[in-house]
1. Taking only the stretch 126-140 into account, find how many residues are open to solvent by less than 50 Å² (accessible area, probe 1.4 Å) and either touching a Lys or Arg at 6+ places or on another chain (Cβ under 6 Å) or part of a helix (DSSP H, G or I) (or both).
2. Do you know which residues across the stretch 23-72 are of a type in the set (S, T, N, Q), out of contact with any Phe, Trp or Tyr (no Cβ under 6 Å at 6 or more places or on another chain) and open to solvent by 40 Å² or more (accessible area, probe 1.4 Å)?
3. Inside the stretch 80-107, can you point out the residues that are open to solvent by 10 Å² or more (accessible area, probe 1.4 Å) and either outside any helix (DSSP H, G or I) or more than 16 Å from Tyr55 (Cα to Cα) (or both)?
4. Scan (1) at pLDDT 95 or above; (2) hydroxyl-bearing (Ser, Thr, Tyr); (3) over 17 Å from the mean Cα position of the chain (by Cα) for the single condition Tyr145 breaks and write down its number.
Amino acid sequence: HKAARLAPRFAPAWIGFGNAFAAQDESEQAMAAYRTASRLFQGSHVPLMFIGMEYLRTNNLPLAKHFLRGATRLCDSDPLVANELGVVELRQGLLEDAAATFRTVLDLLDRLPERAPLRSACAAAVFNLAQTYRKMRRFRDAATYFRVALALRPDDAAA
């Protein structure tokens with residue numbers, strides 16, 4: 001809040017402000033902060049991604065998909081956006097689409113440098129793909145990807 005007050009035109013502060021509200025289940029304030037960031041950061045996919053993520057968090061899947069697709073149009077190389085879009089598709093029961101999107105996430109993550117911060121998201125994407133295959137009743141593929149997710153994050157109970 002202080003950063004947004006000190007530099008009201010600093011879009012990353014508004015993103016952080018929105019994230020703080022989202023973490024406290026204050027969806028309306030989070031959305032207001034993300035919209036402010038979107039106005040200040042025109043042409044950036046980041047505010048649209050966070051708006052989509054907030055709609056996903058509140059289970060408004062059509063709007064989540066709309067904003068995540070908008071973020072993808074602005075930046076089709078961000079694996080986080082693709083992963084969130086895959087989660088929306090999974091929740092909508094679009095299993096083939098979700099599997100294709102999660103495979104795209106893995107391709108995007110493979111293109112990142114080895115030490116890139118987003119590389120840690122790889123285990124989540126592998127786990128999401130495994131879950132999608134499980135729901136598709138492709139149990140061998142699911143087991144393969146669950147093993148990969150576990151190897152990537154052996155300390156993570158979700159993997």
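1. Total meeting the criteria: 8.
2. Hits for the stretch 23-72 are Gln24, Gln42, Thr58, Asn59, Asn60, Thr72.
3. Scanning the stretch 80-107 gives Gln92, Gly93, Leu94, Leu95, Glu96, Asp97, Ala100, Thr101, Arg103, Thr104, Leu106, Asp107.
4. So Tyr145 meets the others, but not (1).
The values are calculated or read from the model by the stated rules, or taken from the named source; none is laboratory data. Nothing here was measured: the structure is a model prediction, and the numbers come from that model. Don't worry about glycine lacking a Cβ; one is built from the backbone with ideal geometry, like all the others, and counts go over all protein chains shown. Heavy atoms of the whole protein, side chains included, go into the accessibility calculation; ligands, DNA and RNA do not. Shrake-Rupley method; radii C 1.70, N 1.55, O 1.52, S 1.80 Å.
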